[in-house]
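Written out below as structure tokens is the structure these notes cover.
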Amino acid sequence: MSNGNLLANPLVQVLLATCFTWFMTGLGASTVFLTKNVGRRLLDASLGFAAGVMISVSFFSLLLPAATIYTAPNVPQWFPVIFGFLLGALFLGVSDRLLPHVHPGAPCAEAEGIHTTWKRNRLLVLAMVLHHIPEGLAIGVAFAAAALSYNPYSLMAAITLAIGMGIHNFPEGMAVAMPMRAEGKSALKSFWYGQLSGVFEPLSAFLGFVLVAVFQPLLPYALGFAAGAMIYVAVEELIPECQRGNHTDLATFSLILGFALMMGLNIGFA
């Protein structure tokens, strides 16, 4: 099989896209090799930016295309998108209540989910796992939609989504690794845990791709599901976290910048 034919394989495209987003998570985590600490100002700006990207992706890359996809004659056009959106938010809400995790910058005493004696580094990684699962699902579903030739979902739209998620993942990798480094962990160990959360993105992307490829009518539901899950993460975790410090204006403008950047990518290239 030639390289051109190999790259045309949708599963290979999903793998390459999510390896890129995983790489960006690791790239963010690799900043621990340059410095032992990151200021709260930069962390707040980074998390705000990530939230803006996530919200923009949810609307322009997921909800808007899902609303234009034809459904069965006896199903209202709005139903799959809204149902999937609410189900995605509910799924993340339940996961947030059950999965032990702690947000970056928060002490272990503020850990959420089922009580556990796990150390802070594991809890930090699990917090980011909650973020990467819906992101991976979104990428997998987007590439499945492109492979199935669902208009207006093109391959370029799926690639744009992956680029946005990669940009978003850089500060998330940093947000896991930097607190560990500041607490005295080695740079290598901090980097390892920082990039580890990103491994779940290719796995969840593969799941999303297969589900939609096998059960094609699930597409608008799946797009809505991924959007609902990501909006939940942005509103419940990223936005409150970036507003914890004394840089609320900076975090807010960073969110707006992240939203605008992803909006521009979608309008300009998708």
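For this structure, a couple of remarks:
- Entry note, the chain: relative contact order of 43 percent, from Cα contacts under 8 Å with a spacing of 6+ residues.
- Global geometry of the stretch 5-87, whether rounded, prolate or oblate, following the gyration tensor of its Cα atoms and the 1.5 cut on a/c: oblate
- Anisotropy class of the stretch 39-106 from Cα gyration tensor, a/c 1.5 cut: oblate
- Taken about its Cα centre, the chain carries a charge dipole of about 560 debye when Lys and Arg each add +1 at the Cβ and Asp and Glu each add -1 at the Cβ.
- Rounded to the nearest whole Hz, the Karplus-based 3J(HN,Hα) values (6.51 cos²θ - 1.76 cosθ + 1.60, θ = phi - 60°) of the stretch 230-236 follow the sequence 6, 4, 4, 4, 5, 7, 7, with x at glycine and proline.
- Here the chain has 72 percent of its accessible surface on carbon and sulfur atoms, given a 1.4 Å probe and all protein chains in place.
- Counting only lysines at least 8 places from K36 when in the same chain, those with an alpha carbon closer than 19 Å to its own are K185, K189.
- Karplus (6.51, -1.76, 1.60) ³J(HN,Hα), θ = phi - 60°, over the stretch 54-68, in Hz, Gly and Pro reported as x: 5, 5, 5, 4, 4, 7, 6, 9, 10, 5, 4, x, 4, 5, 9
- Where only C-alpha atoms are counted, convex hull volume of the stretch 139-270 per residue in Å³: 110
- Note on the chain: semi-axes of the ellipsoid equivalent to its C-alpha gyration tensor, largest first and rounded to whole Å, are 31, 20, 17.
- Looking at the chain, the accessible area is 45 square angstrom per residue; that uses a 1.4 Å probe and ignores ligands, DNA and RNA.
- The stretch 136-201-the stretch 210-248 distance, computed between alpha-carbon centres (Å): 13
- Vicinal HN-Hα couplings computed from phi for the stretch 85-100 (Karplus, 6.51 cos²θ - 1.76 cosθ + 1.60; Hz; Gly/Pro x): 4, 5, 5, x, 5, 5, 4, 5, x, 5, 4, 5, 6, 9, 6, x
- One quarter of the surface of the convex hull around the alpha-carbon atoms of the stretch 139-192 equals 4.3 nm², the direction-averaged projected area.
The values are calculated or read from the model by the stated rules, or taken from the named source; none is laboratory data. All of these numbers come straight from a predicted model, not from anything done at the bench. Neighbour counts run over all protein chains shown; Cβ positions are idealised from the backbone, glycine included. The accessibility values were calculated without ligands, DNA or RNA, using every heavy atom of the protein model including side chains. Shrake-Rupley method; radii C 1.70, N 1.55, O 1.52, S 1.80 Å.
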